[in-house]
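The values are calculated or read from the model by the stated rules, or taken from the named source; none is laboratory data. Owing to the predicted nature of the structure, the values given are computational and were not obtained by experimental measurement. Ideal geometry is used to build each Cβ from the backbone, glycine not excepted, and the neighbour counts take in all protein chains shown. Just the protein is used for accessible areas: all its heavy atoms, side chains included, with ligands, DNA and RNA removed. Shrake-Rupley method; radii C 1.70, N 1.55, O 1.52, S 1.80 Å.
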Amino acid sequence: QVQLVESGGGLVQAGGSLRLSCAASGRTFSNYAMGWFRQAPGKEREFVSVISLSGGYTYYADSVKGRFAISRDNAKNTVYLQMNSLKPEDTAVYYCAARRGVLRIGVHEYDSWGQGTQVTVSS
């Protein structure tokens, strides 16, 4: 498995922006599809965005499409999530995840997870 460490969370007002980072170590990063998921209090963990091995394919949840952008830098073993026009309903713990090989969007299809970073959007 690959080890993942997220950073960049925090408190922001509605309409603001944050950029999350996820640093990977332990395996060949470019062999892993990467994803961002989130979990709000009392809710199940949900898909936010995923990116393919080379970065050529990306997918987004409808709730964040047009506001969030996922990217990766394989030379730096890092995946990013740029979050713009944040809304109070984006408040959650955001998790970075990795799976070897083919891109998938299901939470249970990822087997390496970071510890999460809190994002709080005030109204």
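Miscellaneous remarks
- Condition broken by SER17, with the remaining ones in (1) more than 16 Å from the chain's Cα centre (by Cα); (2) more than 17 Å from TYR110 (Cβ to Cβ); (3) open to solvent by 50 Å² or more (accessible area, probe 1.4 Å) satisfied: (1)
- Within the stretch 93-123, the residues that satisfy the criterion of being open to solvent by 60 Å² or more (accessible area, probe 1.4 Å) and not aromatic (Phe, Trp, Tyr) are ARG100, VAL102, ARG104, ILE105, HIS108, GLU109, ASP111, GLN115, GLN118, SER123.
- For first residues located in the stretch 46-72 and closer than 23 Å to ASN31 by Cβ and of a type outside the set (Val, Ile, Thr), partners that are open to solvent by less than 10 Å² (accessible area, probe 1.4 Å) and outside any strand (DSSP E or B) and lie 6+ apart or on another chain with Cβ distances below 7 Å form the pairs SER49/VAL64.
- Taking every residue in the stretch 95-114 that is in contact (Cβ under 8 Å) with a residue 24 or more places away in the chain and pairing it with any residue that is in a strand (DSSP E or B) and surrounded by fewer than 16 Cβ atoms within 10 Å (Cβ to Cβ), at least 6 positions away or on another chain, the pairs with Cβ-Cβ distances below 6 Å are GLY114/VAL5.
- Candidates TYR57, TYR32 - the one that is surrounded by fewer than 16 Cβ atoms within 10 Å (Cβ to Cβ) and over 18 Å from SER17 (Cβ atoms): TYR57
- For the stretch 83-92, the criterion of being open to solvent by 50 Å² or more (accessible area, probe 1.4 Å), on the phi > 0 side of the Ramachandran plot and part of a loop (DSSP other than H, G, I, E, B) is met by at least one residue.
- Just one of the numbered conditions (1) farther than 19 Å from VAL2 by Cα; (2) touching a Cys at 6+ places or on another chain (Cβ under 9 Å) is not true of ASP62: (2).
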